[in-house]
Amino acid sequence: MHIFKKNIKLNGNGGFTLIETLVAVVLLANIVIGPVAFLTTGFTHIKIAEDRLTALYLAQEGLELVRAIRDKNVITDSDPLNWRTGLTANTYKMDFDDSALSIYGGQYLLYNSANGIYSYNSGVGSKFRRRIQIANGSAADNFLVTVFVEWNDGTVLKTIQLSLRLYNWI
């Protein structure tokens, strides 16, 4: 049986230098930090887009609620002059299960996570406020509805505004 013995002699050329090690660490850090920063920024933009889309849907719902009152007035009342009943010029709040507009007092909408619905009646506090403003039109046969949805994005107050002119279609 033969046992091989090898002498290893270090002459200073076999290891990494400090500069090579630092370059390798910097390259690895850039490989890891770049995608993490990209993902973090992406998640932030997704949250901003989600808030804007929610606010847009809440504003659209506000317009539809006022349109539904106008349509109900026209359909159920035999007098065509009563098409604006309950739709006088003022600032209001309303949600999907209300039958009439209420005076706006700056309340935040509540979010019910069980059914995904925003309302003033049940749920936990949300960051959104919806204000429905009705203004008299240029003639007696129309009025302007403007819905503002506000929310705080960190320390910045964001607002979405939608407007619609409703007419007496009788």
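The values are calculated or read from the model by the stated rules, or taken from the named source; none is laboratory data. Because the structure is predicted, anything quoted here is derived from the model rather than measured. Don't worry about glycine lacking a Cβ; one is built from the backbone with ideal geometry, like all the others, and counts go over all protein chains shown. Surface areas here come from the heavy atoms of the whole protein model, side chains and all, with no ligands, DNA or RNA. Shrake-Rupley method; radii C 1.70, N 1.55, O 1.52, S 1.80 Å.
So here's what we get for this one:
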| read-out | value |
| --- | --- |
| Conditions (1) under 21 Å from Arg84 (Cα atoms); (2) out of contact with any Ser or Thr (no Cβ under 6 Å at 6 or more places or on another chain); number of the one not met by Gln133 | (2) |
| Test: residue in segment 131-148 that is on the phi > 0 side of the Ramachandran plot and open to solvent by less than 60 Å² (accessible area, probe 1.4 Å) | no |
| Selected residue [without any contact (Cβ under 8 Å) to a residue 24 or more places away in the chain and closer than 17 Å to Arg52 by Cα] from Leu157, Leu144, Leu109 | Leu157 |
| Failed item in (1) within 30 Å of Phe143 (Cβ to Cβ); (2) at pLDDT below 90; (3) of a type outside the set (Phe, Trp, Tyr); (4) surrounded by 10 or more Cβ atoms within 10 Å (Cβ to Cβ), with Val66 passing the rest | (2) |
| Filter result for the condition that a residue is open to solvent by 30 Å² or more (accessible area, probe 1.4 Å), touching a Pro at 6+ places or on another chain (Cβ under 8 Å) and in contact (Cβ under 8 Å) with a residue 12 or more places away in the chain, over Asn152, Asn168 | Asn168 |
| Unmet requirement for Thr41, which otherwise passes all of (1) part of a helix (DSSP H, G or I); (2) under 27 Å from Trp151 (Cβ atoms); (3) in contact (Cβ under 8 Å) with a residue 40 or more places away in the chain | (3) |
| Subset of segment 81-103 [within 15 Å of Arg131 (Cβ to Cβ) and part of a loop (DSSP other than H, G, I, E, B)] | Ala89, Met94, Asp95, Asp98, Leu101 |
| Looking only at segment 13-38, and only at residues there that are outside any helix (DSSP H, G or I) and open to solvent by less than 90 Å² (accessible area, probe 1.4 Å), the one that is farthest from Trp151 (Cα to Cα) | Gly14 |
| Filter result (over 17 Å from the mean Cα position of the chain (by Cα), in a loop (DSSP other than H, G, I, E, B) and among the hydroxyl-bearing types (Ser, Thr, Tyr)) within segment 104-159 | Tyr104, Tyr120, Ser122, Ser138 |
